[in-house]
Each structure stands twice: as C-alpha cells, then as structure tokens.
Amino acid sequence: MQINEKQRLAYNYLRDDDYTYLVYGGGGGGGKSWLGCEWLMQCCYYLPGTRWFIGRNNIKDCRESVLVTWRLVANYYGFTGYKISNDSIRFDNGSEVILLDLTFYPKKDPLYERFGSKEFTGGWIEEAGEVHFLAFEVLRSRIGRYNNVRYGLRPKMLITCNPKKNWLYKEIYKPFAKGKLQKPYCFVRALPNDNPFLPPDYIETLKGIKDKATRERLLYGNWDYEDDPSALCSFDAISDVFTNTAPSSTRKAISADLAMQGRDRFIAGSWRGLRCTVKIDKDKATGRSIETDLAQLMKTDGVGRSQTVADSDGLGAYLESYLTGIKTFHGGSKPFDSTYSSLKDECAYKLAEAINNRWLQIICTKEQEQVIMEELQLLMADNVDNDKGKKRIVSKERMKQIIQRSPDYLDMLIMGMYAEVRPQNAGIRRISC
Ligand SMILES: Nc1ncnc2c1ncn2[C@@H]1O[C@H](COP(=O)(O)OP(=O)(O)OP(=O)(O)O)[C@@H](O)[C@H]1O
Ligand SMILES: [Mg+2]
C-alpha cells in the first residue's frame, strides 16, 4: 500500500478511538477522494457485514466522480469483490456502502428527516464545503449504529473538503488555526504539494486559475482568502452576529417574511433595538395561520401593529386588511436617503453597517445560524452601473441562483432595518455618529 504522509496521518486519526470526526483536505489534489475510497474499501473488506455511507451534495456527482476514484483504487489493489448498483456498492462479504444524496431540500425535507431511520457503521462526506450543516448534524447521529458493538468499533466520520467560508470554517478550521480544535474533532491539512501521486500537470492547472480567490483556496489551501470584493460584510463579522451583544434599547419591532403559498418559509423576527430573536420559522403556512401567529407574537412580545412590518407581496396586503395598521414593506419604493436605489437597498446597507460594526445580535438555533450565515453572505453590492451610481445590492434572482432557494431570513432581517432607516427614528444613525 502506498500512501502520502498526510494520508498516513489521516489513517492514524481514523484508527484512534479518541477521534470521531476527521476533516481532511483544504486544497485541491491532496488525495481526498483516494483516501475516502480506500478507507471505506478497507473497512468493508476487513469488517464483513458493516454498512457505510458516501454522501455528497448531489447524488449525480457522487456517482460520477466518487465511483471513478473507487474503481481506480480497486484496480490498484486488484480488488473485485464488490458490485456497484444505482445507489450502493455491495461487497461479497455482506458489507455495503450506501451513496447518499445530501442535497438540502428546504421545502420537501428541511430537517433531513429522510436520514432519520438510517443506521450506519460510519461514513464519508465528500466535498463537504457544498454540504449543508444540518446534513452533517443528522448524519452524526446515524453512525455507530450498525455492527459497531460486534466489532468494538467507535463511530467514525471522514469529512473531505476544500476551504470554504461556512460551517467548516467556523466549527473546524478557525479553532484548528488557533490551536483550539478539541477531540473528537481533528483536522489534517492536505495540499497539492503533499501528494506525490498527483499527475504532473495538476499543479500547473491550479496555478493557471484566473480567479485569485479560487487559486488561493485550491493551490495554497488558504481559508482566509479575500472575501468577494462586492461583499458588504466580512465573514468574521457575519460569524459574530450570534455572539454580539446589541446595544440595549427599549424600541420594539417585528419583521416578517411571509410564505407565499408554500413556496418560501414564513419567518418572523422579534426586535429589541438591534437584537433580533427568530420567533417564527415555518414551512407552508396558510394566510389564516400567519395572521394568528403574528397576532400572537405581537401580543406576547408587546409589539404594536405600527411597529410590525411584513413583505408586501400578496399575503402582506391580505394581512393588512386583517391586522389593520401593520406596515407592508414595499422594497422597490423610494428610499429615505436618495443615495440608494430603493428602500430595500437602503435597509440592506443599513443591515450590513450593523453587522460590520458588531451592533447586530441574532438569537436563533444552531441550525438556523448556518442558514443565516449563508444568507448574510449574499449581501453584495451590485456594481452594474445603470442607476446613476446609486447604491444597490444584487438582485433576489441572483441570490436565488447562488443558494438555490429564497433568502427568507435575509429578507426578514432587511425588513427589520425599516425601523432604523425611518427618519423619525434615530436608531443606528445615532449610534454611528
Ligand atoms: N495513495 C495514493 N496512491 C496512488 N495514487 C494516489 C494516492 N492518493 C492520491 N492519488 C492520486 O493523486 C491524484 C489526486 O488524488 P485525489 O483525486 O484523491 O485528490 P483530491 O484531493 O480528491 O483532488 P480534488 O481536489 O481534485 O478533488 C489522483 O490522480 C489520485 O489517483
Ligand atoms: Mg476529489
């Protein structure tokens, strides 16, 4: 068996009972996919009757790319004792590797309940930078459940990835870089130069990548590559919103992004100054239940109708007639400050200002944190100059293209800034001067 030094280190961790989760990678071509396939092949071969998973963000990618490497590894060892089917690799000794589709379906399966009854010995998340945090959370609870006792095996999960500013950065890389990553987590940084088996032109190809951020990430394994220059907030500032302490305030408000016939989520935040607590987060709400939930929230949190803002599309107008006096948010309407293109742009920039200055505090669940972090990274300036240089954020369509869903939390947070930009309210303006 030939392995590179980083893969050897990875095997040491994979065999060490003190560690459950090994994050391996952080650069292109470091031998991630080879390690994953080879490790699982050995596990299945030496531990008959065990069941493992290989998960990727997309089952098609999983089949196409992982199985190519799987066959390479098998050929290298001259191993033929397995059969590949549509969604699994079955070994002649009864072991099995299930290919999992880790795609996040916010409507169909927002909690990954489809994995709820699955039982695995252990598994591998490939290209984890593309995978939703919740998929990892749910799979954590599904390993260590299939013949582990029979073999005295601790649950194990291998997570391979390139640098990505998401849960991997916050939960793994950042603590690792500060020397604070704790058991049962470990991280092995494997870069292209660590892998002597790389085809000769691989590094040259990486050097030729035009986009600086991508080149930095893949060639040098740089996790702190420059943020997109159009991003309004730094990633660190975004990560901090969950631990900031907002300046104390008596001003109360509610902002709500309403679900449109089950297409989006119904999200409502209750504000105390710049401290926002996510109070409602629902899928497929009806007009009637939205009205009841909002009315209830206003009552429990002591927020008046004039302090409640909801989006204006369809349901907002419906609500306005039942909850007379609530404000409907017309994002496209004229801003208070004419340097912005619209009211929504003005509110979005105000939100970015609050984030960068560490004034904004968001109270929510750990799962919501990950989604919110992703959505706040969508706060990007639209530099297309067709509006006399007025400040504008990228369109909702562009945002949806990037995250493949509607940024409902972001919309709720942007609307929450309405109270801050209204001229009669000093809000942040006072804090910032
Ligand atoms: N232990 C090994 N023995 C032989 N060849 C190896 C070994 N490890 C990696 N390789 C080879 O090195 C190259 C890169 O490995 P691999 O595809 O696993 O890297 P990767 O980190 O998954 O790359 P990418 O970032 O492109 O997904 C491949 O050609 C692979 O076959
Ligand atoms: Mg790979």
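Could you give the accessible area per residue of the chain, probe 1.4 Å, as a whole number in Å²? Write out the running numbers ahead of the final one.
Values: 19650 Å² over 433 residues.
Result: 45 Å² of accessible area for each residue.
In this label model, Glu5 and Asp87 are separated by 4.3 nm, measuring between points 7 Å along each Cα→Cβ vector.
Computed from Cα positions, the angle between helix 5-15 and the longest principal axis of the chain comes to roughly 90 degrees.
Partner aspartates and glutamates whose Cα lies under 14 Å from the Cα of Lys390, excluding those fewer than 8 positions away in the same chain, are identified as Asp337, Asp345, Glu346, Asp382.
Using only side-chain charges placed at the Cβ, +1 for Lys and Arg and -1 for Asp and Glu, the dipole size of the chain relative to its Cα centre rounds to 680 debye.
Per residue, the convex hull spanned by the Cα atoms of the chain measures out at 161 cubic angstrom. Between Phe329 and Ala310, Asp311, Ser312, the built amide H atoms are under 5 Å apart, and every one of these is 5 or more places off in sequence or on another chain. Using a 1.4 Å probe on the protein chains only, how many percent of the accessible area of the chain belongs to carbon and sulfur? Exposed carbon and sulfur together represent 49 percent of the surface. Only one residue of Gly36, Leu294, Pro184 has its Cα farthest out toward the positive end of the dipole of the chain, where Lys and Arg carry +1 and Asp and Glu -1 on Cβ, and that residue is Leu294. Note on the chain: helix-only mean residue ellipticity at 222 nm, from DSSP H runs of 4+ residues weighted -39500 (n - 2.57) and normalised by residue number, equals -9500 deg cm²/dmol.
For region 115-204, trypsin sites (Lys or Arg not before Pro) are listed when DSSP marks them as loop and at most 15 other Cβ atoms sit within 10 Å of their Cβ; the list is Arg145, Lys178, Lys180.
For Thr80, the solvent-accessible surface with a 1.4 Å probe is about 120 Å², rounded to the nearest 10. In this structure, the residue pairs whose Cα-Cα separation is over 23 Å, taken from Lys327/Lys396; Lys108/Lys350; Lys107/Lys366, are Lys108/Lys350.
Computed extension length for Ser141-Lys299: 53.1 nm, one decimal, from 0.36 nm per residue of separation with the Cα-Cα distance subtracted. Extension gain for Asp211 to Asp109 (0.36 nm times residue separation, less C-alpha to C-alpha distance): 33.3 nm.
The values are calculated or read from the model by the stated rules, or taken from the named source; none is laboratory data. Because the structure is predicted, anything quoted here is derived from the model rather than measured. Every residue, glycine as well, gets a Cβ built from its backbone with ideal geometry; the counts of neighbours run over all protein chains shown. We work out accessible area using only protein heavy atoms, side chains counted, and drop any ligands, DNA or RNA first. Shrake-Rupley method; radii C 1.70, N 1.55, O 1.52, S 1.80 Å.
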